[in-house]
1. How much length is gained if the chain between ALA144 and LYS221 is pulled fully straight, taking 0.36 nm per residue apart and subtracting their Cα-Cα distance, in nm to one decimal?
2. Using 7 Å Cα-to-Cβ label points, what is the HIS75/HIS123 separation (nm, one decimal)?
3. Evaluate E = 1/(1 + (r/R0)^6) for VAL35 and ARG116, where r is the Cβ-Cβ distance and R0 equals 25 Å; express this FRET efficiency to the nearest 0.05.
4. For region 82-98, list residues with backbone N below 11 Å from a point placed 7 Å from the Cα of ARG204 toward its Cβ?
5. Considering the options GLY44, LEU65, GLY32, tell which one lies farthest towards the positive end of the dipole of region 14-75, charges being +1 on Lys and Arg and -1 on Asp and Glu at the Cβ, about the Cα centre.
6. Can you give me the C-alpha center-to-center distance between region 106-130 and region 1-45, rounded to a whole angstrom?
7. Report Rg(Cα)/(2.2 N^0.38 Å) for region 14-75, keeping two decimals.
Amino acid sequence: MICPSCEVGVRLDVDDASEAYPQQDPAIKNYGFDVAHGFCPECGALIVLLRHGRYSIEESGERNLVEVLEEQIIHPQHKGKRRVAPEVPVNYRQDFQEANAVLPVSPKASAAISRRLLQHVLHEDFKINHGDLSNEIEEFIHRAGVPSALSGAVDAVRNVGNFASHPVKNTSTGEIVDVEPGEAEWLLDVLEALFDFAFVQPRRLEARKSALNKKLADSGKPPMKA
């Protein structure tokens with residue numbers, strides 16, 4: 001997991017956990033949740049987890065989780081330290097930050113926002129619109145000028161999280177559907193790389209070119225050719 005305090009990937013050893021509480025749905029047997037805590041091995045910060053999974057009943061009658069199927073950090077709150085460059089359009093920055101902010105609470109919601117944002121960028125800035133994200137990715141990765149590292153990263157979006165087996169991810173990118181561990185984080189990484197290619201580098205190069213042309217003009221020399 002990523003420690004919310006120091007943002008370092010760590011393996012958290014749980015020091016203590018509460019008794020498991022049964023799921024309220026009577027149709028689900030031996031499934032419940034507990035609250036556990038540990039300390040980040042990097043920075044020493046307290047991390048509190050809400051864990052869901054299967055429990056067993058001890059001879060004493062106490063219920064303890066024996067298989068953790070899902071867990072989320074409930075303390076401390078995620079700081080959301082990912083920053084988006086100012087060259088990225090404000091509406092994209094806002095959606096990206098929203099996807100990042102909800103990541104520790106709901107990776108499903110984060111992934112849905114990221115998929116929708118990826119498709120929006122492909123529609124609006126690359127004029128790729130098939131109504132199907134997988135086909136849109138296919139066209140993008142074969143565009144001339146797209147770096148191989150970026151095309152590989154975007155293409156991998158279709159392969160992580162069993163993408164192909166969930167058609168809703170293709171046609172309704174904003175739907176809340178199950179994600180595999182790491183998928184939501186990967187989508188944010190891909191978006192950062194896409195932003196750098198589509199907005200950051202072109203605008204910074206243009207700014208440098210404009211500055212150089214001004215210097216050339218001031219010295220009576222012709223501007224750089226396009």
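Each reported figure results from applying straightforward, stated rules to the coordinates on display, with no laboratory input. Note that this is a predicted model, so its numbers are computed, not measured. Positions of Cβ are backbone-derived with ideal geometry, glycine not excepted, and every protein chain shown enters the neighbour counts.
1. Here the segment from ALA144 to LYS221 would lengthen by 24.4 nm.
2. Rounded to a tenth, the inter-label distance reads 4.2 nm.
3. After rounding to 0.05, the efficiency reads 0.15.
4. 85-87
5. Most positive-ward Cα: GLY32.
6. So the separation of the two Cα centres works out to 31 Å.
7. Details: Rg = 12.6 Å, N = 62, 2.2 N^0.38 = 10.6 Å.
Working it through for region 14-75, the quotient is 1.20.
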